[in-house]
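Below is one structure; the comments refer to it alone.
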Amino acid sequence: MSNINLDEFVKEWVDLSNEYKHLETTNINYLDSLENLELLQEQCMKQIKHQRYRMQQISKSVKQYINSKRLTTGENEKLIDLNNNLLKRKAQLYEIEQGLPQKNSLYLKIILGNVNVSILNRSDKVRYKDDYEKFKLILNVIGLLLSFLNIIVNYRALELAFIFLLVWYYCTLTIRESILKVNGSRIKGWWRLHHFISTASAGVLLVWPQGEPWQLFRTQFMLFNVYISLVQYMQFGYQKGVLYRLKALGERHDMDITIEGFHSWMWRGLSFLIPFLFIGYLFQAYNAWTLYKLSHHTDATWQIPVLSILFLVLFIGNTTTTMLVIPQKLRGRIKERYRLKSLSWAMKARRQNKTRDETTINNECSSNNDRYKAE
């Protein structure tokens, strides 16, 4: 220590002070860029709004023009081109919007307030979506283990831990899916509502008091969760692979997610899972029927008929949605078969051309060798 001079510390502080000046300059540039970014975002939003307003006016005027007179062949062609351009512009505006902050839904405003949850970087959006998928898979495995353990051990604290996990899991899913929707994920219709109903069901289960009706339903409920967790695990693994292939082919959006139910893009290779899905739906109906019978028990509480209704709604919603998707996909299989047949023809022609080219090259090489030998 005696060899160290105080001047060295002073010199280090001077060097650090010079670095801090550079930090201040960088921070000022950052704040200026941030303000410019906000101004550019506002300008983009105004221009998008202006584009859509003008497009609506054009569409309205075109409809009036069509109704006012009989169109010629040339006018029909111009009209088709105009409609195609309008559709293309709508898609372009949607893509531009994905890089701009979006307004929160009413549900997010209630839960999070006016916090901006828009993710502007595309890679960060995909990373957040992947974290959502990992979260679902991990919690599904944990739920499977806990429900199986509850079948073996009848312990109230373990039951409450599992049911509380369900409440937290489904509530977290609704929040995460709302954030994903703000950031461009196309989560629509029943499968999003499914998680809200599941959250309500888990909440009612949590406040269901201990008693004979619960003990009569307990084992059936735990078996139901074991079955559903196994089916969901099989689905998640399959759907993730299908989504990866479709995204690579440009047929699905990067923010599309796996779901507990059935969707049209899952058809190829998923037919073996459809019976398992319907068994799960029938299990929900059986739960509703069992709870309905338990509602007439002398110790029945209000939770039992409410849960019966919720399970019945889940059964009807899941079954109806799946039954609507399957015929729609079956109608589209003719086009898919023709497309695959055309593709096989093209591949066959390509192989024939390749074989013909290889034969020509081999013949030329043989003739050249013969000529060289003769020389």
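In plain terms, the chain from S33 to Q215 could stretch by 59.3 nm, reckoned as 0.36 nm per residue minus the Cα-Cα distance. For V141 and V207, a Förster radius of 35 Å and the Cβ-Cβ distance give a FRET efficiency of 0.85, rounded to the nearest 0.05. Counting 0.36 nm for each residue step from Y292 to Y20 and taking away their Cα separation leaves a gain of 90.8 nm. With a point put 7 Å past each Cα toward its Cβ, work out how far I175 is from K103 in nm, to one decimal. Modelled inter-label distance: 2.3 nm.
Converting the Cα gyration tensor eigenvalues of the stretch 7-97 into ellipsoid dimensions via √(5λ) gives semi-axes, longest first, of 60, 12, 6 Å. Karplus-derived 3J(HN,Hα) values for the stretch 140-154, using 6.51 cos²θ - 1.76 cosθ + 1.60 with θ = phi - 60°, are 5, 5, 4, x, 4, 5, 5, 5, 5, 5, 5, 5, 6, 10, 9 Hz; glycine and proline are entered as x.
Too long at a 20 Å Cα-Cα cut-off: which of K88/K129; K60/K88; K69/K90; K63/K90? In this structure, K88/K129; K69/K90 exceed 20 Å between Cα atoms.
Built from the Cα atoms of the stretch 104-176, the convex hull projects on average onto 5.8 nm², one quarter of its surface area. Peptides 6-18, 287-299, 82-94 ranked from most to least packed by the mean count of surrounding Cβ atoms within 10 Å: 287-299, 82-94, 6-18.
A short reminder: the numbers here are calculations on the coordinates, not readings from a lab. Computed from a predicted structure; not experimentally measured. Glycine also receives a Cβ, built like all others from the backbone with ideal geometry; neighbour counts cover every protein chain displayed.
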